[in-house]
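Single-structure report; data block below.
Bear in mind these aren't lab numbers, they're just calculated from the coordinates by the rules spelled out. Predicted model only: the values in this text are computed from it and were never measured. All Cβ positions, even for glycine, are placed from backbone atoms using ideal geometry, and neighbour counts span all protein chains on display.
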Amino acid sequence: MRVIAGAFALFIAVAFAGVSQARERQAALPEAQQTWPQEAELKGDYPRGAIVINVSERRLYYSLGDGKALMYRVAVGKTGFGWTGQSWVSMKTKNPAWYPTARMQAAGAPHYVPPGPNNPLGVRALYLGWSEYRIHGTNAPHSIGSASSSGCFRMINADVTDLFERVAIGAPVYVIQ
């Protein structure tokens, strides 16, 4: 019996060492080559299913509870358009159409962009509260990690699709500095 227990303990030790080495290799890759989302620690007392967006890190965290989260890369609001505070996911849409605000239209944006490859909202959108802000995909993946939006939070289309399937309508959203 001791031999079996010893062999099992050795198996567990080797398995955990392999997981640790895989995480180290993942962290050593350039960010563009890393697999997302990533498991991460989440500081703060956020409920399971909450979204926490850290503007200065340009990261979105989906809370798994107990200080654990899935971490995604995001683009945030450009200077003068960023914000912090609390909201909630009020609606989720697959293949959203884009209706630019009057301010955006005055700056040259069209009145309407249908779903498809030219739509800046990408393949999924999560609407925040009663505001004009969203967490959405993008047709400009090179913008991820920058401060370039008009207040929305952009994600790679594969990442926003993953988040879309996880998050519930009504989930709290915390935007922190």
Can you pull the Kirkwood radius for segment 114-153, inverse mean 1/r over Cα pairs, to one decimal in Å?
10.7 Å
Taking a virtual spin label 7 Å from the Cα of residue 41 along the C-beta vector, which residues in segment 71-88 bring their backbone nitrogen under 16 Å of it?
71
Could you please state, rounded to a whole Å, how far the C-alpha centre of segment 41-97 is from the C-alpha centre of segment 98-115?
25 Å
Would you mind computing, in nm to one decimal, how far apart the modelled labels at residue 81 and residue 104 are, each placed 7 Å from Cα along Cα→Cβ?
0.8 nm
Packing-based order for 115-122, 41-48, using average beta carbon neighbours within 10 Å, highest first
115-122, 41-48
DSSP bridge pairs, segment 25-122: antiparallel proportion in percent, nearest 5
100 percent
Kirkwood hydrodynamic radius of segment 36-176, Cα pairs, Å:
15.0 Å
